[in-house]
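Okay, so here's the structure we're looking at.
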Amino acid sequence: MKKLYKLTCLLIILLSVSGCVSNKYILRSKQKALQMKGSEGVILFTAKVKNFTKSTLSLNSYSVQEVNQYKFYEKLLVLPIPLTKEHHSSVADLFLCTAKLPAGTYKLSYFTGMLWPFQCFLISNKVFDVSPGSVTYGGRLHFKDITSTNQGSSDMLYVLDGYDKDVEIFKNRFPVLRNRTILKDLIY
C-alpha cells in the first residue's frame, strides 16, 4: 500500500512538471473558450534560444510577478511551458508561452530549463502589460548564445516583433484564438 502511495505521488509530480495537469493560467489546444473572468486578459509570446553547444536545450517554465508602485508586489507565479507539441514549434524552434492573468503590469523575471546535463536559469527582467478582456501578443524573446557558463545574464535577451508569423502559429495551435483579435503590445 505504501508503494502504491509513493508511486501515485511520483506520477502526479511528473505530470505536473510536464505540464499535463490542468493549469488555469495557460491555454490548451483542446480548450473550447477562453473563459476570462472580470479583469483577466491573455498574454502570448514566444521564446527562442540560440544554443551553439551540442547539448539539448529545453525551456520548462517562466516566472511572472505583478508589479505596481502603489501596492506590494504580488506573489511570484511560476508558469509551466508544457513538454507537448502544442507549446513548441519544431519548425521555427520556438517555445510558445501563454498566460491568462488578471489585468496589470507584470515583470517576466526568469526562465528555467535544461541544458543537458545541467539545469539552466535564464534571467529576463522584462515587463509586459495585460489588458482586461483582451488577448495581447508580447513579442518574440531571443536568448543569445546560451552555454552552461553564461546563462544568468539578462543582457543576453532581446525582444523582436514577430507578430505576423507568431500569431499565425498561435492561432493554428490554439483554435480558441482563431476568431479573436490579437492586439500587439511588445514586452519592454
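Checking the structure you have, find out if any residue of the range 90-105 is at pLDDT 90 or above, more than 16 Å from Leu183 (Cα to Cα) and aliphatic (A, V, I, L, M). Within the range 90-105, one or more residues are at pLDDT 90 or above, more than 16 Å from Leu183 (Cα to Cα) and aliphatic (A, V, I, L, M).
Among the residues making up the range 48-77, a single one is part of a strand (DSSP E or B), modelled with pLDDT of 85 or more and hydrophobic (A, V, I, L, M, F, W, C): Val64.
The values are calculated or read from the model by the stated rules, or taken from the named source; none is laboratory data. Fair warning: this is a prediction, and the values are worked out from it, not measured in the lab.
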